[in-house]
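The values are calculated or read from the model by the stated rules, or taken from the named source; none is laboratory data. Please read all numbers here as calculations on a predicted model, not as lab measurements. For neighbour counting, all protein chains shown are included, and Cβ atoms are generated from backbone atoms with ideal geometry for every residue, glycine included. In case anyone asks, the SASA skips ligands and DNA or RNA and just uses the protein heavy atoms, side chains included. Shrake-Rupley method; radii C 1.70, N 1.55, O 1.52, S 1.80 Å.
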Amino acid sequence: MISLRQHAVSLVAVFLALAVGVILGSGLLSDTLVSGLRDDKDDLNAQLQEQYERANRLDARLSAADEFEATIAPRVVRDELRDRTVLVVTTPDTDPGDLDATVRTVEAAGGRITARLALTDTFLDVSAGDLLRSTVAQVVPAGVQLNTGAVDPGSLAGDLLGAVLLVDPATGDTRGTPEERVLTLNTLRSGGFVTYEDGAVEPAQATVVVTGERAATDEQSAAGGNRGALLARFAAAVDTRGAGTVLAGRPGAATGSGPIAVVRADAALSSAVSTVDDLDRESGRITTVLALREQLDGGSGRYGTGPAAAAVTVGSAAR
């Protein structure tokens, strides 16, 4: 017969064995787990290093492609804009490097820049829309009739500036007098809507609007979307007054409510204004010049690598 003492000793032995088993098992499991995690970390580090090296190789190839394109750009665009005049309009987020490279490419194509007009943050501020509208109404030259369809601030300002800064594509004549042109520009500058360098500002045949990509990152606010729409309508209104308009910017401008995205989403706008969404690359600058030439010849297109782009460049196969 098992005594109470023997029974107690047996129970203690069982619990001791369980405790030893748990301790030994936990140590083994811990070692296995740590070893597995260490192996996974090594694998992830190896994969990450491989991706870094791949990214570096791609960056090097992209830089080489840009260098090559920059070298041949003058040959590609030669005489594409010969004896043509171009108005350049910029936005607050325009990258200075993109602007300078675009101007160089236009000039390499034989084009002549007649003026550089910079739109300000106030111009694109939805809260200043009524003030912009009233300012435009005050300085319409006597011989200029604004389009009846231009009712929003962007369209009104684009229609007015197109009228005074572009020649009539049908006749080649300027609209208004030089004095009226100066009055219009000075009034808009005094209102904080535009800036430009003092001196002779001559009317041009075509327009390139150079933007960046900030509008696409302004989605948090309602004004962000309005900025893109305002600029898109501005470009479209300018286009109606001249022989052609190209809206060119960085990739972000072709996403969300960016100005290029707004143009591409509207069939009427995209059939009139050409868009280029890779102005940060040399290929985009070449395409901007080719698109200007296409506009002067009566065509339009959506170019680049972003959403809704129809082709990489002018004359390339549709995507």
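Couple of notes before you dig in:
- Of the residues Val76, Val106, the single one that is at pLDDT 95 or above, among the hydrophobic types (A, V, I, L, M, F, W, C), under 22 Å from Leu296 (Cα atoms) and outside any loop (DSSP other than H, G, I, E, B) is Val106.
- Listed by first and then second residue, the pairs with beta-carbon distance under 6 Å, at least 6 apart or on different chains, first residue in the stretch 278-300 and among the basic types (Lys, Arg), second surrounded by fewer than 24 Cβ atoms within 10 Å (Cβ to Cβ) and in a loop (DSSP other than H, G, I, E, B), are Arg293/Glu80.
- Criterion violated by Val182 - all others in (1) modelled with pLDDT of 95 or more; (2) under 28 Å from Gly172 (Cα atoms); (3) not hydroxyl-bearing (Ser, Thr, Tyr) satisfied: (1)
- Candidate set: the stretch 136-169, residues that are of a type in the set (S, T, N, Q) and at pLDDT below 95; chosen: the one farthest from Arg84 (Cα to Cα): Gln138
- Selection from the stretch 251-269 of residues that are open to solvent by 10 Å² or more (accessible area, probe 1.4 Å) and either hydrophobic (A, V, I, L, M, F, W, C) or part of a loop (DSSP other than H, G, I, E, B) (or both): Thr255, Gly256, Ser257, Ala261, Val262, Ala265, Asp266, Ala267, Ala268, Leu269
- None of Ala272, Ala291, Ala317, Ala308 is in a loop (DSSP other than H, G, I, E, B) and either at pLDDT below 95 or buried (at least 24 other Cβ atoms within 10 Å of the Cβ) (or both) except Ala317.
- Looking at Ala150, Ala128, just one residue is assigned to a helix (DSSP H, G or I) and of a type in the set (Gly, Ala, Ser), and that residue is Ala128.
- Unmet requirement for Thr94, which otherwise passes all of (1) open to solvent by less than 50 Å² (accessible area, probe 1.4 Å); (2) in contact (Cβ under 8 Å) with a residue 40 or more places away in the chain; (3) in a helix (DSSP H, G or I): (3)
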